[in-house]
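All remarks here apply to the structure that follows.
The values are calculated or read from the model by the stated rules, or taken from the named source; none is laboratory data. As the structure is a computational prediction, the values presented were derived from the model and not from experiment. Quick reminder, even Gly has a Cβ in these numbers, built from the backbone with ideal geometry, and neighbours come from all protein chains shown.
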């Protein structure tokens, strides 16, 4: 979490700094990122960076969490638009992620250098993981469960874990194999439809 001095910055300086942070983490993954590049791009002294953030991990996860909050809001609006249909929503959400041109390099660095901490942070875009109660109070309450073969909220939680695994694997494959958006979307739809229709005759 950034220090209070960051939150006290004028909005334009805050945006300039976060623009520099985004640029660096879009250029390279977290472990290769350089604070020197960030401060040069933001045109601030190196010492100022440490007045705002503990280290580059602090800056990275603040940027990632901001990104995730935007995605979560979008996911919830798609879920509402689709009247709680989980599979239609995930398909539309996956398409939305693929077509985010301004974030494509940032996303590539996230998914090709995934750690448990990064995975947990990004999963909050469509899966509240903190506690089961938290999950029930947010996304789970919006999902139309009448067309799902589940009997309780605990099962919907695990359904979402399965969908998360399929979604993340498809995003990793898209970036690792440099698939076109159309190819990635086709592959994802096949897997989502297999889940939707069930695997057993």
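Some notes on this structure:
- Of the numbered criteria (1) closer than 22 Å to residue 101 by Cα; (2) surrounded by 17 or more Cβ atoms within 10 Å (Cβ to Cβ), the one residue 23 fails is (2).
Per-residue answers, yes or no, for (1) assigned by TED's automatic domain parsing to the domain that holds residue 75; (2) more than 23 Å from residue 196 (Cβ to Cβ); (3) surrounded by 18 or more Cβ atoms within 10 Å (Cβ to Cβ); (4) touching a helix residue (DSSP H, G or I) at 6+ places or on another chain (Cβ under 9 Å):
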position: 87; (1), (2), (3), (4): yes, no, no, yes
position: 90; (1), (2), (3), (4): yes, no, yes, yes
position: 99; (1), (2), (3), (4): yes, no, no, yes
position: 108; (1), (2), (3), (4): yes, yes, yes, yes
position: 126; (1), (2), (3), (4): yes, no, yes, yes
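- Of all residues in segment 121-134 being over 9 Å from the mean Cα position of the chain (by Cα) and within 15 Å of residue 162 (Cα to Cα), the one that is modelled with the highest pLDDT: 127
- Taken over segment 44-75, the criterion of being under 16 Å from residue 30 (Cα atoms) and not in a helix (DSSP H, G or I) is satisfied by 53, 54, 55.
- Test: residue in segment 37-47 that is under 28 Å from residue 178 (Cα atoms), surrounded by fewer than 18 Cβ atoms within 10 Å (Cβ to Cβ), at pLDDT 95 or above and out of contact with any strand residue (DSSP E or B) (no Cβ under 6 Å at 6 or more places or on another chain): yes
- Boolean, residue 163 is within 30 Å of residue 20 (Cα to Cα) and either in contact (Cβ under 8 Å) with a residue 40 or more places away in the chain or assigned to a helix (DSSP H, G or I) (or both): no
- Residue 103 being touching a residue at least 12 places away in the same chain (Cβ under 8 Å), in a loop (DSSP other than H, G, I, E, B) and either surrounded by fewer than 19 Cβ atoms within 10 Å (Cβ to Cβ) or touching a strand residue (DSSP E or B) at 6+ places or on another chain (Cβ under 9 Å) (or both): no
- Single match in 143, 150, 156, 139 (criterion: surrounded by 18 or more Cβ atoms within 10 Å (Cβ to Cβ), farther than 24 Å from residue 65 by Cβ and modelled with pLDDT under 95): 156
- Meets criteria (modelled with pLDDT of 95 or more, under 25 Å from residue 112 (Cβ atoms) and exposed (fewer than 15 other Cβ atoms within 10 Å of the Cβ)) for residue 34: yes
- Only one of 87, 25 that is at pLDDT 95 or above, within 30 Å of residue 156 (Cβ to Cβ) and out of contact with any strand residue (DSSP E or B) (no Cβ under 9 Å at 6 or more places or on another chain): 87
- Only residues that are in a helix (DSSP H, G or I) and either assigned by TED's automatic domain parsing to the domain that holds residue 68 or touching a residue at least 12 places away in the same chain (Cβ under 8 Å) (or both) were counted across segment 1-39, and they come to 20.
- Of all residues in segment 178-192, those that are within 15 Å of residue 92 (Cβ to Cβ) have Cβ atoms under 9 Å from Cβ atoms of residues that are exposed (fewer than 14 other Cβ atoms within 10 Å of the Cβ), 6 or more apart or on another chain, in 181/99; 184/177.
- Pairs, first at positive phi in segment 43-67, second at pLDDT 95 or above and part of a helix (DSSP H, G or I), C-beta under 6 Å, six or more apart: none
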